[in-house]
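First the structure, in the form of structure tokens, and then the observations on it.
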Amino acid sequence: MFVIAGVTGNTGSVVAETLLAKKQPVRVLVRDAAKAERFRSLGAEVAVGSLDDAGSLAAALKGAKGAYLLLPPDLANADPLGRAQRFIDAWTSVLPRSGLEHAVLLSSVGAQHAEGTGPIKMVHRAEQALSKLEIPATFVRAAYFIENWASVLGAAAKDGVLPTFERPDVTFPMVATRDIGETAAHALLEPSREKRIIHLAGPKDHTPNDVAAIVGKLLGRDVKALHVAGEAIVGTLESFGIGNATARLFREMAEAIDSGHVAWEKDNGTLLRGKTSVESVLGPLLPR
């Protein structure tokens, strides 16, 4: 039995779908059973609970040999790091007595660093905590999600600009959430006997200028990357309802990408490249 969290999001849904397509037993963990009906119809068991609730997590993991874990976002939370720690504390209290044989964690490029990486600090702490347990774990250190560009495609279509918090000329890895989900499912099916790090990127690394050119080609118009920097990052995110604490973490992450601080950990882990391109992800997401 594989227990999969995050099935109402982009990565967990792919993990569950991939395993079910391979006729594997799957139990999805959701807060609201109604949101798991599609997976129930595909043959999955449904457990109602939360990754930060020790009781419901322990019940969900009963009889499982592998689990997919992630830190679900709450962008309005006033204490995002403290909230993440509550999830981590629940995992470290439950997993050692769960009988689980292997855990796969959705982590991030740059997770080797304890500081200076914005929200990536959360998965650094999760990696550190899980590494101290006797249960083998695989950390899928994913690159920047290609889907993150979806929120600015409207501006590209309307005004010919693609807002970016990273410098337009900085090259960094990006990956589709489908590739993340498929990689995590494969890791569950071929578990490690010790700590394992997978660095996961898309077929090619890109700059924001590259993404603007790709979006422009898809739209059939000129599109230019527009750099939003410094305190303007915080103000922009707050205007969309994101809390100040989280907005400041995202500013820190953007600046760490620009400086090269957020990068793959050298000489530790395996680099894999997915098959899904920026074009194939963003094309269907363009305003119609």
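The values are calculated or read from the model by the stated rules, or taken from the named source; none is laboratory data. It should be emphasised that the depicted structure is a prediction, and the values quoted were computed from it without experimental measurement. Note that each Cβ is placed from the backbone with ideal geometry, even for glycine, and that neighbours are counted across all protein chains shown.
Observations, loosely collected:
- The residues of the stretch 152-176 that are outside any loop (DSSP other than H, G, I, E, B), among the small types (Gly, Ala, Ser) and either at pLDDT below 95 or buried (at least 22 other Cβ atoms within 10 Å of the Cβ) (or both) amount to a single one, Ala156.
- Pair list, Cβ < 6 Å and 6+ apart or interchain, from the stretch 118-143 residues that are of a type in the set (Lys, Arg) to residues that are assigned to a loop (DSSP other than H, G, I, E, B): Arg141/Val109; Arg141/Ala111
- Residue tally, condition surrounded by fewer than 21 Cβ atoms within 10 Å (Cβ to Cβ), in contact with a Ser or Thr (Cβ under 8 Å, 6 or more places away or on another chain) and assigned to a helix (DSSP H, G or I), over the stretch 54-96: 3
- Residue satisfying condition, being hydroxyl-bearing (Ser, Thr, Tyr) and more than 22 Å from Thr18 (Cβ to Cβ), within set Thr236, Thr177, Thr183: Thr236
- Residue match in the stretch 126-133 (condition: among the small types (Gly, Ala, Ser), surrounded by 24 or more Cβ atoms within 10 Å (Cβ to Cβ) and in a helix (DSSP H, G or I)): yes
Here's the yes/no breakdown for (1) more than 17 Å from Leu71 (Cβ to Cβ); (2) basic (Lys, Arg); (3) in a helix (DSSP H, G or I):
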residue: Val3; (1), (2), (3): no, no, no
residue: Ser13; (1), (2), (3): no, no, yes
residue: Ala16; (1), (2), (3): yes, no, yes
residue: Leu20; (1), (2), (3): yes, no, yes
residue: Lys23; (1), (2), (3): yes, yes, no
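- Whichever residue in the stretch 250-270 is part of a helix (DSSP H, G or I) and within 18 Å of the chain's Cα centre (by Cα) and, among such residues, is nearest to Ile120 (Cα to Cα): Met253
- Some residue of the stretch 53-60 being within 17 Å of the chain's Cα centre (by Cα) and within 25 Å of Arg193 (Cα to Cα): no
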